[in-house]
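Report on one structure; see the data block that follows.
Every number in this text was worked out from the coordinates using simple rules, so none of it is lab data. Because the structure is a prediction, the values reported are computed rather than measured. Neighbour counts run over all protein chains shown; Cβ positions are idealised from the backbone, glycine included.
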């Protein structure tokens, strides 16, 4: 017997109140990160002996800058979701859980903004 | 909060060890390690945006022995998480979930990590020119 109300079925959010959004976005970012990681590693391994101006010129090109921003955004989003699950799994006191979740969220946002600002400063 | 003595589910020490279990633990561990590695990535980008002096400092740290060990660990963690992550996407599709296939893909994931890490460092060290 189904005890759920019609509005609950339509919303489809379940008992955790957030539905499948978290696990879905983890997969969406994962799929995007496969080609982005390959591009990133293939690019940086060619610049291990390059000087400052060579690396800067590389990042200043629109293709590099756009891909790097996409890599940062997808990567940090993916990181935030992954770290969030670890906290949910192992931390069981309410205060500590909220504190760590906020630390992870703010940390990821700060890193994302710092990275995007740096890329734009070089590329624009 | 009241402490209740409820029965707990079996934990790590109960299960027989296997490649799948090791990879499951390593997937999470490398995920956390890559989070720390992200700090290096943003340091690299900020140094690049700041100027040649800051970039030279970053390069000095990365070219030290400790820096190289950290970067090698970063590369290996990235490749393991990438290979095992791709396997997770197949699992999400319901593919390769049986024991035999999982045991075979365990080896594939480890081999993939080793080959991709060695390949990256071979190119990075100029042993192989370009890609």
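For residue B:16 and residue B:39, FRET efficiency with R0 = 41 Å and r from the beta-carbon atoms, rounded to 0.05? Could you put the intermediate results ahead of the total?
Numbers: r = 37 Å, r/R0 = 0.90.
The value I calculate is 0.65.
With angles folded into 0 to 90 degrees, how steeply does helix A:94-123 sit against the dominant principal axis of chain A? Use alpha carbons for both and round to 10.
The helix A:94-123 is inclined about 30 degrees to chain A.
Using label points projected 7 Å from each Cα along Cα→Cβ, tell me how many nm separate residue A:73 and residue A:121, to one decimal.
Going by the 7 Å Cα→Cβ label model, 2.1 nm.
Let me check against my output: what whole-number percent is the relative contact order of chain B, with C-alpha pairs under 8 Å and at least 6 apart?
27 percent
Most fluctuating residue of B:68, B:16, B:93 in a GNM of chain B with Cα springs under 10 Å: which is it?
With Cα springs under 10 Å in chain B, the top fluctuation among B:68, B:16, B:93 is at B:16.
How far apart, in nanometres, would the label points at residue A:113 and residue A:50 be if each is projected 7 angstrom from Cα along the Cα-to-Cβ direction?
If labels sit at residue A:113 and residue A:50, their model points lie 2.9 nm apart.
With the contact rule set at Cα under 8 Å and sequence spacing of 6 or more, what percent relative contact order holds for chain A?
30 percent
Which of A:30, A:114, A:60 moves the most in a Gaussian network model of chain A with Cα springs under 10 Å?
Of the options given, A:114 has the highest mean-square fluctuation.
Each label point is 7 Å from the Cα along the Cα-to-Cβ direction; what then is the distance between the points at residue B:90 and residue A:99, in nm?
4.3 nm
Using only Cα atoms and rounding to the nearest 10 degrees, what angle (0 to 90) does helix B:52-63 make with the longest principal axis of chain B?
50 degrees
So which residue, out of A:53, A:71, A:40, gets the largest mean-square fluctuation from a GNM of chain A using Cα contacts under 10 Å as springs?
A:53
To test your reading of the geometry: what angle, between 0 and 90 degrees and rounded to tens, separates the Cα axis of helix A:62-90 from the longest principal axis of chain A?
40 degrees
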